[in-house]
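J.: Sharing a structure below in structure tokens format, with a few things to ask.
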Amino acid sequence: MNRHPTLLLAVHGTRQARGTAIAHSLALRLGEITQRPTRLAFADVASPSVGEVAATVPGPLVVVPAFLASGYHVRTDIPHQLAQAGRADAVITPALGAHPAALATAHRRLLACGYQPGDGVVLACAGTSDARAHRELDQAAAGLSDLLGTRVVRGSIATSTPTVADQVAALRRGGHTRVAVASWLLAPGLFHDRLAHCGADAVAAPLCPDAAIARALADRYHQAAIPLPV
């Protein structure tokens, strides 16, 4: 029997082929970095689900949520799927959140999309109704503000307000002739597609694929796997 906990990478899921391909490539990269058995599962939209994959994995299991905040999927849905699959014993790592690697990648993506000093900046997040996740997203906006040396406001693509379009319009009313949007999304999909219509002058690409994101998720696995019995 394998002596190392299996890494189960849990991603949101998308109906777009490119986003799904990025999820598979991220799982492959994690396996290369960790040198551990690695599986991919989807929390929503796509299959196989987290529960379906977890039920087939023998031995210790570490679930690494590839999410940028600890909202519904991380705090409720994934644990429920694991429990339903008889894998309540699995260890779930913290979400990626405002990890320095994620912030640095968002910064690079923003510069690459045509951001100019003096632009108003909106951090585009998927959106959440979870208060704890809201605080994590505020931390991400503050972290990107520090990297840029300018104020970054947060906008939601879905679920909560203010929306990204609301924030873009507010920055223009406040005197910004240009507004850039930093993407706080891991992969392309419906949410990132919506940003094309938010009224910004420049929209950054999602964070993946990027080697720094894979290394950060690998760190989550190693931190959780060290104390596990094998």
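J.: Show the residues, 5+ positions off or on another chain, whose built amide H is closer than 5 Å to the amide H of Ala158.
T.: Excluding prolines and chain starts, which carry no amide H, the hits are Gly127.
J.: Using θ = phi - 60° and the Karplus relation 6.51 cos²θ - 1.76 cosθ + 1.60, list the HN-Hα couplings for the range 177-189 in order, rounded to whole Hz, with x at every Gly or Pro.
T.: 7, 10, 9, 10, 10, 8, 8, 9, 10, 7, 9, x, x
J.: At what distance in nm do the modelled label points of Asp44 and Gln223 sit from each other, each positioned 7 Å from its Cα along Cα→Cβ?
T.: Placing both labels 7 Å along Cα→Cβ, they lie 2.4 nm apart.
J.: OK, next. Which number do you get for Rg(Cα) / (2.2 N^0.38 Å) in the chain? Walk me through the numbers on the way to the answer.
T.: Numbers: Rg = 17.9 Å, N = 230, 2.2 N^0.38 = 17.4 Å.
For the chain, the normalised Cα radius of gyration is 1.03.
J.: Calculate the spin-label point distance for Ala88 paired with Glu32, positioning each point 7 Å from the Cα along the beta-carbon direction, and give it in nanometres.
T.: Going from the Glu32 label point to the Ala88 one covers 3.9 nm.
J.: Quick one: if you stick a label point 7 Å off each Cα along the C-beta vector at Asp138 and His4, how many nm between them?
T.: Between Asp138 and His4, the simple spin-label model gives 4.0 nm.
J.: Next question. What full-extension length gain, to one decimal in nm, is calculated for Gln16 and Ala170 as 0.36 nm per residue of separation minus the Cα-Cα distance?
T.: Values: separation 154, 0.36 × 154 = 55.44 nm, distance 3.13 nm.
Contour length minus the Cα-Cα distance gives 52.3 nm.
J.: Kindly write out, for the range 65-71 in residue order, the coupling ³J(HN,Hα) from the Karplus curve 6.51 cos²θ - 1.76 cosθ + 1.60 (θ = phi - 60°), rounded to whole Hz, with x marking Gly and Pro.
T.: With coefficients 6.51, -1.76 and 1.60, one gets x, 8, 10, 9, 7, 8, x Hz.
J.: If you don't mind, another one. Taking H as built 1.01 Å from N, whose amide H comes closer than 5 Å to the amide H of Leu68, not counting residues under 5 places away?
T.: Gly97
J.: Ok, one more. Give me the mean projected area, in nm² to one decimal, of the convex hull enclosing the Cα positions of the range 4-72. Display every interim value, and only then the final one.
T.: Details: hull surface 18.8 nm².
Mean shadow area of the hull around the Cα atoms is 4.7 nm².
J.: Take the chain, connect every pair of alpha-carbon atoms lying under 10 Å apart with a spring to form a Gaussian network, then pick out the residue of Thr128, Thr161, Thr56 with the largest mean-square fluctuation.
T.: Maximum fluctuation in the GNM of the chain, among the listed residues, is at Thr56.
J.: Based on C-alpha coordinates, I'd like the Rg and Dmax of the range 43-87, in Å.
T.: So, for the range 43-87, Rg and Dmax equal 10.3, 29 Å respectively.
J.: Take the alpha carbon gyration tensor of the range 15-136, find the square roots of its eigenvalues, order them as a ≥ b ≥ c, and report rounded if a/c is under 1.5; if not, report prolate when a/b exceeds b/c, else oblate. Each step should come with its number before you reach the end.
T.: Working: a/c = 2.19, a/b = 1.65, b/c = 1.32.
Prolate, because a/c is 1.5 or more and a/b exceeds b/c.
J.: Give me, ordered by chain and number, the residues 5 or more places off Ser49 or on other chains with an amide H under 5 Å from its own placed amide H.
T.: Close amide H contacts, sequence-distant or interchain: Phe42.
J.: Could you work out the local net charge near Arg15, counting Lys and Arg as +1, Asp and Glu as -1, over the other residues with Cβ closer than 13 Å to its Cβ? Before the final figure, lay out each step's value.
T.: Numbers: positive: Arg18; negative: Asp44, Asp193.
Net of charged neighbours comes to -1.
We did not get these values from a lab; they are worked out from the coordinates using the rules stated. Since the model is a prediction, treat every value here as computed from it, not as a measurement. So basically every Cβ, Gly included, is an ideal-geometry build from the backbone, and we count neighbours across all protein chains shown.
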